[in-house]
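Trainee: Below: one structure in structure tokens.
The values are calculated or read from the model by the stated rules, or taken from the named source; none is laboratory data. Note that this is a predicted model, so its numbers are computed, not measured. FYI the Cβ positions are ideal-geometry reconstructions off the backbone, even for glycines, and counts take in every protein chain you see. With ligands, DNA and RNA removed, areas are computed over all heavy atoms of the protein, side chains included. Shrake-Rupley method; radii C 1.70, N 1.55, O 1.52, S 1.80 Å.
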Amino acid sequence: MSRMIPFFGFLLLVALFGFGIWWNTQHDQREVPSPLINKPAPAFVLPRLDDPSQTVSRDALLGKPYLINVFASWCIACGEEHPVLMAQGKSIGVPVIGYNYKDDEGDAKGWLAKHGDPYDMVIVDREGRTAIDFGVYGAPESFLVDGKGIIRYKRIGPLTPEVIEKELKPAIAALAKESP
Amino acid sequence: MVFALLFLIAGIAFAQAIDPLPFKDHAQEVRFQNLTRELRCLVCQNENLADSNADLARDLRHEVFNLMQQGKSDDEIKQYLVDRYSDFVLYDPPMKTSTLLLWFGPLVILLAGAAVVVVTVRRRGRAAPAATNDRPTDEGDDW
């Protein structure tokens, strides 16, 4: 019986490796959970893409929930996400604010002109300074902010129909229940 | 593939010009280097901020530099980044319930291995005298 111990040890290792491989298929290793969930969105004042003389601040957006969608014309995954936003952006129940991240103004405008503009408004962070406050480390990323300015949900990577159905919409529905 | 090559070339080009920051003196530069080596680049994950050529890493290096200029301590600067990017940015993770396995897992595995070895060796030791007689001889190896 004791001769079998190494064999069982081997089986245990195989099981562990198998679990590791399975776990990796279920989890995105690149995903860094945001410590900002359920905390106030960082204060920001950013210019609008369509009219840089106008700025939008966090405090000006207080009162009703909205979704901030970080995107850039150079971002490949944003190209995957874009058609989904075009199709569903207007029907998710909250305004979608485009957050143009480290992009060239002309490129960003050209991109929206070519592929369509799913956003209620687009704000620009060319330097990426405010993005650091938001803990953005890539694009696309999306933040659901409630009427009190609290970040309630974050999606790292593209919004897909599945993510919208299973994560975003329930999160928005939960907000709707809270607010009077 | 072409993309990968382009990135590689871009990376080399960047590496040669890794941002020259206006350090006050050598001590400050050393402190900056040490600090950025302890912080993880979030985009590349297995590189630290000091070595990474990623755009975000460069931004965060500038951020670290600015915070140093403002007279923030190393701990304050790390906390600043942890507040935004979670413990993940630290290469030296803090000890807390969620990281206990990380900290002590290898030790537990090592101890378990040692226990198996000790038990096996003891058993062999007891069984050996009886077994020596009927063990086939090694003489006559055919080489």
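Trainee: What distance in nm separates the two pseudo spin-label positions at residue A:55 and residue B:95, each 7 Å out from Cα along the beta-carbon direction?
Mentor: Output for this residue pair reads 4.6 nm.
Trainee: Nearest 5 is fine: what % of DSSP beta bridges in the protein assembly as shown come out antiparallel, could you say? Mind dumping the intermediate values first?
Mentor: Working: 17 of 27 bridges.
Taking every DSSP beta bridge within the protein assembly as shown, about 65 percent pair in antiparallel fashion.
Trainee: Around residue B:82, with a cut-off of 15 angstrom between Cβ atoms, what is the net charge of the other residues, counting Lys and Arg +1 and Asp and Glu -1?
Mentor: On the way: positive: A:39, B:40, B:72, B:78, B:84, B:96; negative: A:133, B:38, B:63, B:74, B:75, B:76, B:83, B:87, B:92.
Its environment carries a net charge of -3.
Trainee: Of all trypsin sites (Lys or Arg not before Pro) in segment B:38-123, which ones are in loop regions per DSSP and have a Cβ with at most 11 other Cβ atoms within 10 Å? Could the numbers behind the result be given before it?
Mentor: Values: sites: B:40, B:58, B:61, B:72, B:78, B:84, B:96, B:122, B:123; in loops: B:72, B:96.
For trypsin sites (Lys or Arg not before Pro) across segment B:38-123 that sit outside H, G, I, E and B with at most 11 neighbouring Cβ atoms in 10 Å, the list reads B:96.
Trainee: Okay, moving on. Rounded to the nearest 0.05, what FRET efficiency do residue B:29 and residue B:102 give with R0 = 30 Å and r taken as the Cβ-Cβ distance? Could you check?
Mentor: Working: r = 32 Å, r/R0 = 1.06.
Once the sixth-power term is evaluated, E becomes 0.40.
Trainee: Peptide A:125-137: average number of partner chain Cβ atoms within 10 Å per residue? Could the numbers behind the result be given before it?
Mentor: Details: counts 0, 0, 2, 6, 4, 0, 3, 9, 3, 1, 8, 4, 13.
Average neighbour count from other chains, rounded to a whole number: 4.
Trainee: Follow-up question, since we're still on this one. Between B and A, buried accessible area summed over both sides at probe 1.4 Å, in Å² to the nearest 100? Before the final figure, lay out each step's value.
Mentor: Working: alone 10870 and 10360 Å², together 19770 Å².
That pair of chains buries around 1500 Å² in total.
Trainee: Now a separate question. Quick one: which residues, 5+ away or cross-chain, put their amide H under 5 Å from the amide H of residue A:122? H built at 1.01 Å from N.
Mentor: A:49, A:50, A:98
Trainee: Report ³J(HN,Hα) in whole Hz for each residue of segment B:108-121, in order, from the Karplus equation J = 6.51 cos²θ - 1.76 cosθ + 1.60 where θ = phi - 60°; Gly and Pro get x.
Mentor: 4, 5, 4, 5, 4, x, 4, 4, 4, 4, 4, 4, 4, 4
Trainee: Another one. Consider a paramagnetic label point 7 Å from the Cα of residue B:66 along Cα→Cβ; state which residues of segment A:109-134 have an amide N under 19 Å from it.
Mentor: Flagged as within label range: A:124-134.
Trainee: With a 1.4 Å probe and every protein chain left in place, tell me how much accessible area residue A:28 has, in Å² to the nearest 10.
Mentor: 80
Trainee: Ignore the peptide's own chain and count Cβ atoms of other chains within 10 Å of each Cβ in B:113-124; give me the average, rounded.
Mentor: Neighbouring Cβ atoms belonging to other protein chains average 1 per residue here.
Trainee: Which one of A:85, A:130, A:60 has its Cα pushed farthest toward the positive end of the charge dipole of segment A:30-178, where Lys and Arg give +1 and Asp and Glu give -1 at the Cβ?
Mentor: A:60
Trainee: Tell me which trypsin sites (Lys or Arg not before Pro) from segment A:78-130 have a DSSP coil assignment and no more than 15 other beta carbons within 10 Å of their own.
Mentor: Working: sites: A:90, A:102, A:109, A:114, A:126, A:129; in loops: A:102, A:126.
Of the trypsin sites (Lys or Arg not before Pro), the ones in loops of segment A:78-130 whose Cβ has at most 15 other Cβ atoms within 10 Å are A:126.
Trainee: Provide A:61, A:13, B:49 ordered by accessible surface of protein heavy atoms (probe 1.4 Å), highest first.
Mentor: A:13, A:61, B:49
Trainee: Is there a simple number for the mean count of other chain Cβ atoms within 10 Å of the Cβ of residues in B:75-88, and what is it?
Mentor: Details: counts 0, 0, 0, 0, 0, 2, 2, 1, 6, 11, 9, 6, 3, 6.
Averaged over the peptide's residues, the number is 3.
Trainee: Would segment B:17-93 count as rounded, prolate or oblate if I go by the C-alpha gyration tensor, calling it rounded below 1.5 in a/c and otherwise prolate when a/b exceeds b/c, oblate otherwise? It would help to have the intermediate numbers written out before the result.
Mentor: Details: a/c = 1.77, a/b = 1.21, b/c = 1.46.
Cα axes put segment B:17-93 in the oblate bin.
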